[in-house]
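Read the structure below first, then the notes.
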Amino acid sequence: MKKRTIRAEVWFDGNHPMILQREGWAEPIQEVIERWDVRGRWWATDTQRHYMTVRTERGTFELCGDRSTRNWVITVVYD
Amino acid sequence: MFAHLHTRSWFSFQAGGSSPEALPEAAVKQGIEAVALTERHGTYGVVRFQRACQQLGVQHLFGAEVPVEGRDLVLLARNREGYANICWLLTQAHLRSREAPAATMAELASANADIFCLTGTEAGPIYPLIDDFKHQEAAQWLHTLHDIFGERLSLEVTHQRRKGDDRRLAYLLQLARQTGVPPVATGDVRFAVPGDYWRYDLLTCARHGITVFDDHPERPSNSMAYLQAEAELLRRGLPKEAIHRAGEIAQMCRVDLIPGHIIPPGTKLPEGTTSVELLKRKANQAFEEKYPPGSANRAAARQRLDKEVNVIVDLDVQEFFLVVKEVVDEARRRGIRCLGRGSAANSIVTYLLGITVVCPIDHNLLFERFLHRGRKGTPDIDLDFDSSRRMEIIEWMEERFGMEHTGMAATIDRYLTKSAVQDAAKALGWPAEMAIQMSKGCGHALPSDQENAAHIRSVAGGDSPLLDVLIKAATNLVGCPRHLGQHSGGMVLTCEPIRYFTPLQVSANGVRVVQFDKDDLEWLGLVKLDVLGLRMLGTVSEATVIANDLTPDEDPIVLDELPLDDPDVYDMICEGDVLGLFQIESPAQQSAGSRIQSRNMQDLIKQISLVRPGPIQGGLMHPFIRRHRGLEKVRYDHPILERILEDTYGVIIFQEQVLEVAHQFAGWSLDQADSFRRLMSKFRDPGEMESMRDGFVQSAMEANDVPEETANRVFDQVSKFVGYGFCRSHAASFALTVYHSAYLKRHHPEAFFAGLMQHRPGMYAQMTLEQDARRHGVLVLVPDINKSGLRFQLEEVEGRLAIRKPLTSVKGVQDSLAEVAVLERELQPFASLEEFFHRIPVDEKQLRALVQSGAFDSLEGSNRTALYKMKVLVQQFEKGGANAQGTLLDTINMRASDLPALPGITLHKRLEWDLATHSGPRVHPMVVLRRRLAYHEVRPISFVQQFGSTLPYDEHKPPITTVAGLVMFRQRPGTAKGTMFIFLEDESGYIQCICRSKCRERFHEELKQSALIIRGRVQVTGPWRGIMVDQVSTLKGVIGGYQGHHGGPTYGRENRVKVFGEAAEQSDVREIEVGAVPLALLPGKRRGGG
């Protein structure tokens, strides 16, 4: 497991993430292993972050992002 | 139908983020039809919750998170039996351990009937095992619980979109299939709406003493623990059958805790007699004794009795009165002085039953202030007992009614501004000292109030954006429950076992407390009897016993049979000789009393009631006094008011008068008038009453054709009474004890002061009481090892009675040592310190305290000798070890030749030891300085008493004088607009010094000290004397004195005093050595002879 900070984009079909794109190329998401929410620093700038663990052909990744935009970050790459 | 079966409110005490009312409100918005309140380790919020649910049409269910062997199960009551079992389990858990309550599995098994069990979430037994992959153990737990609950067990499943919830849910559902225990879906709700998430997080940080920057497993990682809609739970992956099961369980549960009527405890009824018959019989029997044929009030009393009994029976509260009578009778049987007071004294029934001691006819008391048909809830009867024996009564009540039927009422301690600011600031990361500073400077208004917010910002300094968050957060915390407290004396008595209503838990001082406050208890229909302690009752009881023992051949004093018109007693009160007397000894009362000049009980009742925030803030005291003295004409704005206010000269003094004005003048019903009166007592100034003006005025105009201008004027007058005031009946009850205390002081001062020093009911230090005793010719003797007992007792000395201080009055001496010493002495008096040391097991610390108190002076001649001997004995004992006994026998009875030449003790050291050991120096410390102070024309306080009698006094040109003394206490009442009152004492007396706010600011530092020189203008009003302060200086090197909340210890080595002459400026001040060194010169004020 390696911690990372890699910008990515996720395309959704309704509520279901379909495509993961990063570093110039995209691939389909084969499985959504887990999803969870974390609410941020309510005493500062309140944020709501959504996390997903997804599996693609190239590996398993933990993603963190804001559901209202397509901007996501890969935070963990699982070996 | 879905039901939320696991929710908390903020009555889980910092473990829930919303009010119990907010939960059904959220349920309605989310389309949820049923909600269960399951507080953490209690049922605290259920009454408010049920009321809110009923108003909104949401089905309410009750349960709790019950701790069982370290894990929390969620238990739900199917019916009242189930609720009782849950309460019982919670009680067992709390009684077992206050810090970590826990019931046992055996207890759970024995009390599982009519309970549905959910396995809980993170704090439950299953989740942690699933998270640790211990599935077998989890299954085992389920089997164990299934053996107890059978079909009533459900595996709780929830999902709050946290990391790991998906995985955990999958394993839980697998476990459910594997074990056959059906899953039930819950929201594990901690707050009603997402917007309350921050409050829950802040309270969690406060509870754990961490900041928002710290991680903690109990902190919520998101805002998903709100009361979710069914659809949301489905979206999160909770299966339909689990959601459906929640609805099934809800449909099987029905508990109603609010009966709509009082459920009094059972009284003992003779066979074949109803409670109504018994009440009437007892009341009528007493009626014939107290109002015999031919007595003046008989007809009025009869009419009154019939009316009251009808109301009592209509309200079905007659059993409550009989229960209270049982308690009072038992106290009297045991010789425990007791007094019913408060609004109960308005009733002739309570008077005839012996609960209260004031005839309502004599004192024109209003029954409706106590009880009327529109009033809900238990009648409010407060009983005061001799505080030293109050526990005896409580224990008897527990025995009489059963431990299963009694418990003390709780209070809900809520966040106020100061505590909210402090906790919020700490949670948001400010250092503790700064958080305390922020909170200390805040007033009663909300943190967001301009002044409070400015103070918070000024302490923090800078302009952090977090300050806005702090102020907002603290504001929203105000009113939130913080923890459960114990009511001062409210005892709950139940007919059925108390577990049918509430669990019990243990307070910090070991008392069994219910989980509801008085308001919730009223909704539950439960009876609360206030069993309070009053030290003055102990004082007068003890003084009476002592006085009667002194004169066994004479008729004993029976306080309740004393005529209440002794002129000597009233003379003493009018002269201001009131120190030690109940209710009227304070400086404010002394000052008011000297002007009122009470000559009978009615005057005394008014005097007691006048010096209260209500009349003082309203500026009603001075008009009353002027009219009472005939210095001002009495006017009434309307004839109705004359009927109500005639005996108080048109001035509102009593709560009953407010009630009568609202009822008779404004035409409101008694219920409305009572609500008006109650509301007034909560406001702080007349401005807050404005919202009630229109209603009052309009009603008066309609009901009695009162002109609008008149009605407004009367409202102005009524609104001045805002704040707390006495009710007449309460004052009348208290006035009786005032009179008793005054009677004893006047006619039996030795007995009185002995009782006073034993019980210490008042506000004055031991030293002050001893000085007052001496002024009344009563000597106070230091403890003596061969003469002192365990209480203050009288002793004959040179043909007069003196008070001997007990061994228990010596600080540091344990009661057990004193008891052993007294017992041993009865067998044979002690002949020497050595013999005492040999016969009584005593450690050095206690022995030193006894020696320094002077207890061995009569044996050893001086403290120095005794101390020397003590050191030798202790050293030899320590060296001797196991063989010490033999060594002691060898050293017993040291001879004079064994002792070295020891220096004498200075008076200063003697007084220091007296104060340190038994708080009463044998001479007043000011005596030590008197000669030197006199040199600088600093007068004794008794000198000031001469103005207006032997010395001339002109109030337009008051004389200026300088006095010095120890500060006994300082007062800065909220009603005094910044003025400080300092009570100064020297060897000749005491005096009140009035320091206006400008003077107080100027001498702010000096006023913190414990001994002062005060210069100012003498004030004379009748027998009262005071000083209006102009200048203050400190007087150091004087031992003793009250430190108050300003000063620190001043047992100093410094021995300098600053004095100034009559026209002195600060530059003329010289420092004077008080001691062996000759005094320096002052310009113009030195006497001849140096």
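The values are calculated or read from the model by the stated rules, or taken from the named source; none is laboratory data. These numbers come from a predicted model, not from an experiment. When we count neighbours, we look across all protein chains shown, and the Cβ atoms used for this are built from the backbone with ideal geometry, even at glycine. To get the accessible areas, we keep the full protein, side chains included, count just its heavy atoms, and leave off ligands, DNA and RNA. Shrake-Rupley method; radii C 1.70, N 1.55, O 1.52, S 1.80 Å.
Give me P(r) over segment B:457-599, computed from all C-alpha to C-alpha distances, binned every 5 Å, as integer percentages.
The calculated distribution, bin by bin, is 2, 7, 10, 9, 9, 8, 9, 11, 12, 10, 6, 3, 2, 1, 1, 0, 0.
Counting other Cβ atoms within 10 Å, which GluC sites (Glu not before Pro) in segment B:899-993 have at most 16 and lie in a DSSP loop?
Those satisfying the criteria are B:Glu937, B:Glu955.
Might you report the magnitude of the Cβ-based charge dipole of segment B:607-753 about its Cα centre, with Lys and Arg at +1 and Asp and Glu at -1, to the nearest 20 debye?
The calculated dipole for segment B:607-753 is roughly 840 debye.
Could you work out, for segment B:959-1006, what percent of all Cα-Cα pairs fall into each 5 Å distance bin, beginning at 0 Å and stopping at the bin that holds the largest distance?
For segment B:959-1006, the binned pair fractions read 5, 19, 28, 27, 14, 6, 1 percent.
Which value in Å does the Kirkwood hydrodynamic radius of segment A:28-79 take, with 1/r averaged over all unlike C-alpha pairs and then inverted?
11.8
Express the C-alpha Rg of segment B:86-128 as a ratio against the empirical globular expectation 2.2 N^0.38 Å, rounded to two decimals.
The value comes to 1.21.
Place the peptides B:438-448, A:6-16, B:338-348, B:83-93 in order of packing, highest mean first, counting for every residue the other Cβ atoms within 10 Å and averaging per peptide.
Ranked by mean Cβ neighbours within 10 Å, highest first: B:338-348, B:83-93, B:438-448, A:6-16.
In what sequence, largest accessible area first, do A:Trp72, B:Trp141 appear using a 1.4 Å probe?
B:Trp141, A:Trp72
Please find the FRET efficiency linking B:Gln178 to A:Thr60, where r is the Cβ-Cβ separation and R0 is fixed at 41 Å, and quote it to the nearest 0.05.
0.90
At 1.4 Å probe size, with every protein chain present, just tell me what the per residue accessible area of segment B:657-792 comes to in Å².
Per residue, segment B:657-792 has 35 Å² of solvent-accessible surface.
Using packing as a proxy for protection, rank B:583-593, B:241-251 so that the peptide with the highest average count of other Cβ atoms within 10 Å comes first.
Packing proxy ranking, top to bottom: B:583-593, B:241-251.
Antiparallel as a % of all DSSP beta bridges within chain B, to the nearest 5?
Bridges in chain B that DSSP calls antiparallel: roughly 70 percent.
With 22 Å as the cut-off, how large is the P(r) tail for segment B:368-463, expressed as percent of Cα-Cα pairs?
58
May I ask which residue of B:Gly377, B:Ala409, B:Gln437 lies farthest towards the positive end of the charge dipole of the protein assembly as shown, with charges of +1 (Lys, Arg) and -1 (Asp, Glu) on Cβ and the Cα centre as origin?
B:Gln437
Give me the log10 of I(q) over I(0) for segment B:501-577 at q = 0.13, 0.28 Å⁻¹, as the Debye formula computes it from C-alpha points; what are the numbers?
-0.71, -1.29
Evaluate E = 1/(1 + (r/R0)^6) for B:Ile210 and B:Ser816, where r is the Cβ-Cβ distance and R0 equals 25 Å; express this FRET efficiency to the nearest 0.05.
0.05
Between the alpha-carbon centers of segment B:1-37 and segment B:173-235, tell me the distance in whole angstrom.
Centre-to-centre distance over Cα atoms comes out at 13 Å.
Using the C-alpha atoms of segment B:202-265, what convex hull volume per residue, in cubic angstrom, is computed?
201
Normalised by the empirical 2.2 N^0.38 Å for globular proteins, what value does the Cα Rg of segment B:755-878 take?
1.09
If amide H atoms are built 1.01 Å from N in the plane of the peptide, which residues on other chains or at least 5 residues away come under 5 Å of the amide H of B:Val357?
For B:Val357, whose amide H was placed from the backbone, the distant partners under 5 Å are B:Gly340.
State, in angstrom, two size descriptors of segment B:284-336 derived from its alpha carbons: Rg to one decimal place and Dmax to the nearest whole number.
13.7, 35
Give me the dipole magnitude in Debye, nearest 20, for segment B:227-306 about the Cα centre, with unit charges on the beta carbon: positive for Lys and Arg, negative for Asp and Glu.
300
Determine the shielding of peptide B:24-35 by partner chains: average, over its residues, the number of Cβ atoms on other chains within 10 angstrom of each Cβ.
Mean inter-chain Cβ contacts per residue within 10 Å come to 0.
Using the alpha-carbon centroid of each, what span in Å lies between segment B:962-1009 and segment B:78-96?
Value for the Cα centre distance between the two parts: 55 Å.
For segment B:653-750, how big is Rg over Rh, using alpha carbon atoms and the Kirkwood form of Rh?
Looking at segment B:653-750, the ratio lands at 1.18.
Hey, got the Cα dimensions of segment B:19-121 along the principal axes, in Å, largest first?
40, 27, 23
If we count every other residue with Cβ under 13 angstrom of B:Val822's Cβ, Lys/Arg +1 and Asp/Glu -1, where does the sum land?
Spelling it out: positives minus negatives among the neighbours equals 0.
Pull out the extension gain between B:Glu404 and B:Arg254, defined as 0.36 nm times the separation in residues minus the alpha carbon to alpha carbon distance; nm, one decimal.
Working it through step by step, the gained length comes to 51.6 nm.
Using only the alpha carbons, work out the radius of gyration and Dmax of chain B in angstrom.
That works out to 34.4, 107 Å for Rg and Dmax.
With a 1.4 Å probe and all protein chains left in place, how much of the accessible area of segment B:240-362 comes from carbon and sulfur atoms, in whole percent?
It is 47 percent, rounded to a whole number.
Compute the distance in nm between two label points, each set 7 Å from the Cα along the Cα-to-Cβ direction, one at B:Lys268 and one at B:Arg635.
6.2
What length, rounded to one decimal in nm, is gained on full extension from B:Asp694 through to B:Ala299, with 0.36 nm per residue of separation minus their alpha-carbon distance?
138.1 nm
How many Cβ atoms of partner chains, on average, are near each residue of A:44-51 if near means within 10 Å of its Cβ?
Whole-number average of other-chain Cβ neighbours for A:44-51 is 2.
Sort largest first and round to whole Å: the equivalent ellipsoid semi-axes of the protein assembly as shown, each the square root of five times a Cα gyration tensor eigenvalue.
Over the Cα atoms of the protein assembly as shown, the ellipsoid semi-axes are 61, 41, 35 Å.
Under a plain spin-label model, where a point goes 7 Å from the Cα along Cα-to-Cβ, how far apart in nm are B:Glu937 and B:Glu433?
It is 4.7 nm.
Partner chain Cβ atoms within 10 Å, averaged over the residues of A:27-36 - can you pull that number for me?
Counting other chains' Cβ atoms within 10 Å and averaging over A:27-36 gives 3.
Mind listing the Cα extents of segment B:543-612 along all three principal axes, in Å, largest one first?
On the principal axes, segment B:543-612 reaches 41, 20, 19 Å in Cα extent.
Run the dipole for chain B about the Cα centre, Lys and Arg Cβ at +1, Asp and Glu Cβ at -1, nothing else charged, and hand back the magnitude in debye, nearest 20.
Taking the Cα centre of chain B as origin, the dipole is about 2620 debye.
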